[in-house]
Amino acid sequence: KITNFVLGRVITAAPDTTRPTTVFTLGSTVYTIAGEERTLDAAPYISNNRTMLPIGAIAQVVGASVNYSTVTRTAIFTKDGVVVSMTLDQPFLTANGVVIPMDSAPVVVNSRAFVPMAFVAQAFGVPVQYDAAARTVTVN
C-alpha cells in the first residue's frame, strides 16, 4: 500500500529590504535617499522633456553596477541578469540585446555624462514619478 503525504512546503521568503525612495530636484545637486540628504557632483536637468541624470547617480538609484568606456563612449549597466547599454549622442539603448529608441540621447555636459533617467529606470523595472510643480523626480 502506498500512502501520499506532504514532506514539507517550500516558501520563498519576502525580501528583507525594499529600495528606499530617492527624490531629485531639478537644478539642485542636493537629493534625498530615505529622507537623508546627499549631494551629487552635477545637478539633474530637463532635456527634450526628459530628466537627465549623471550615469553614476542613476546606477546607484536602480541598484545596478555601471562601467563606462571613454573609448566607445558607452555606459553598460548590469543588475540581476539585465544588461543595458547606452552610447553618448545615440538616441537608443540596448536592453539584453533589444534596441529601444529614446527621444533624448545621453550627452556630456560640463565633463559629466548624463542619461535620460526614465529609460534606464524603466529597463530595470524601477518606477519613476515626475512632479512638475515641485520640479522633483521620485524613484521608488
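The values are calculated or read from the model by the stated rules, or taken from the named source; none is laboratory data. From a predicted model like this one, the values you see are computed outputs, not experimental measurements. Neighbour counts are summed over all protein chains in view; Cβ atoms, including those assigned to glycine, are modelled from backbone coordinates with ideal geometry.
For the structure I just gave you, tell me whether Val61 is hydrophobic (A, V, I, L, M, F, W, C) and more than 16 Å from the chain's Cα centre (by Cα).
Judged against the criteria, Val61 is not a match.
Just to verify a result, which residue in the range 22-39, among those that are at pLDDT 95 or above and in a loop (DSSP other than H, G, I, E, B), is nearest to Val137 (Cα to Cα)?
Once the filter is applied, the top-ranked residue is Leu26.
So if I check each of Leu53, Leu88, which one is of a type in the set (A, V, I, L, M, F, W, C), surrounded by 12 or more Cβ atoms within 10 Å (Cβ to Cβ) and without any contact (Cβ under 8 Å) to a residue 40 or more places away in the chain?
Only one candidate qualifies: Leu88.
Residue check, Leu93 against (1) within 15 Å of the chain's Cα centre (by Cα); (2) in a strand (DSSP E or B); (3) within 24 Å of Thr21 (Cα to Cα), all met but one. Which one?
Leu93 satisfies all of (1) within 15 Å of the chain's Cα centre (by Cα); (2) in a strand (DSSP E or B); (3) within 24 Å of Thr21 (Cα to Cα) except (3).
Among Val126, Val66, Val99, which is touching a helix residue (DSSP H, G or I) at 6+ places or on another chain (Cβ under 9 Å) and not in a loop (DSSP other than H, G, I, E, B)?
It is Val66.
If Val108 passes every condition in (1) assigned to a loop (DSSP other than H, G, I, E, B); (2) farther than 26 Å from Pro20 by Cβ but one, which one does it miss?
The one condition Val108 does not meet is (1).
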